[in-house]
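Data block below; observations after.
Computed from the coordinates by the stated procedures, all read-outs in this text should not be read as laboratory data. A quick note: this is a predicted structure, and the numbers were derived from the prediction, not measured. All Cβ positions, even for glycine, are placed from backbone atoms using ideal geometry, and neighbour counts span all protein chains on display.
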Amino acid sequence: MNNLLLKTIAVFTTVTSTSITMLALIRPASAAIFTPFSFNTHVTATPASDPNSGLLNDPTRDVRLDSVEFQGTTVTNFELVNKATILQNDTYTLADGTVAGVLHVGRGPNTANDPLITEGPSKINPTATDIVETLGNLNLNSILVTRENADRASIEVSFANPVNTFFFWERGGTAGGPIAGDSDLLVEALSDDYSTVLASYKILRSNYTKANYNISTQVFPVLNNGPFNIGSIGIRLGGITTKTLRLTSANNNGLRLDIPRDNGPDFKVLAANVPVPEPMTLLGVATASIFGTYFKLKRTNH
């Protein structure tokens with residue numbers, strides 16, 4: 001057996017060992033995990049009226065999501081939220097005595113007059129249907145708003161088909177400033193009967209990176225502010241899919257001392273089922289590559 005073949009076998013052994021280790025990591029015995037990743041957001045939006053404003057677009061109008069790009073993959077077909085359940089929506093009292101839940105639905109002040117794409121409503125005390133209408137579209141200027149006036153908000157959102165990849169956009173700091181996202185959100189993937197948490201991930205405000213658009217938000221009649229930066233983050237399930245996420249924020253008003261303050265996340269979420277290479281497929285590719293290199297070198301040496 002010549003030295004070249006021995007070296008090739010040694011490399012193959014290393015690759016095999018690494019692939020087996022990857023298999024153990026990718027398919028843990030106990031539970032699935034979410035893996036975070038960053039992505040680029042590609043949108044269509046009305047240009048800013050003042051080119052010297054520093055804004056990336058007109059933040060009051062529609063922002064249509066066209067695609068996202070990450071790790072060499074471009075996604076254009078998204079799964080939209082088609083069902084929502086409000087689990088907890090702690091309340092606060094407005095100046096006029098109206099009792100409102102901490103969850104609102106909001107949109108850009110001029111989105112209703114923009115024909116580019118549909119958007120959800122702008123209101124306090126949204127129903128489950130209002131949440132579906134807000135999140136179940138590709139208008140990134142139509143978001144779920146969580147105020148900082150009460151403690152806890154928790155909802156479940158579902159998609160029509162099983163998915164493994166989730167894209168989140170969070171309304172962050174003042175447009176042009178350094179802050180991409182300014183709130184935290186607990187994400188839990190649920191089994192089909194909603195009884196089991198398959199995986200969980202706490203998105204922290206520091207996890208977000210800036211997306212390439214701005215928004216302003218109106219929630220009639222309590223909120224009309226902006227423009228803001230937008231932060232984005234993706235999370236992917238390893239080895240499984242789900243149709244339902246539970247999304248929870250707590251201590252939004254900062255009155256509890258026992259847990260961190262989530263600070264009222266204002267967000268959009270969409271999903272996709274993006275193929276993930278199987279570990280044995282990766283092993284096969286590595287094996288073919290190693291032996292292809294060996295035979296190429298062998299021909300060269302002869």
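Please report how far the C-alpha centroid of segment 90-128 lies from that of segment 211-239, rounded to the nearest whole angstrom.
14
What FRET efficiency do you get for Thr76 and Leu223 if R0 is 25 Å and r is their Cβ-Cβ distance, rounded to the nearest 0.05?
Numbers: r = 32 Å, r/R0 = 1.29.
FRET efficiency, Thr76 to Leu223: 0.20.
Below 18 Å, Cα to Cα, which aspartates and glutamates can Lys123 reach? Residues fewer than 8 away in the same chain don't count.
Candidates past the 8-residue exclusion: Asp62, Asp90, Asp96, Glu133, Glu148, Asp266.
Would you kindly derive the ³J(HN,Hα) couplings of segment 142-152 from the backbone phi angles with the Karplus curve 6.51 cos²θ - 1.76 cosθ + 1.60 (θ = phi - 60°), listing them in order in whole Hz, with x for Gly and Pro?
In residue order, the calculated couplings are 9, 10, 8, 10, 10, 7, 9, 9, 8, 6, 10 Hz.
Test of understanding: ordering Tyr194, Tyr208 by Cβ neighbours within 10 Å, fewest first, what list do you get?
Numbers: Tyr194 13, Tyr208 24.
Lowest count first: Tyr194, Tyr208.
In segment 31-275, how does Rg compare with the Kirkwood Rh, expressed as the Rg/Rh ratio over alpha carbon atoms?
Numbers: Rg = 16.9 Å, Rh = 17.9 Å.
My calculation of the ratio gives 0.94.
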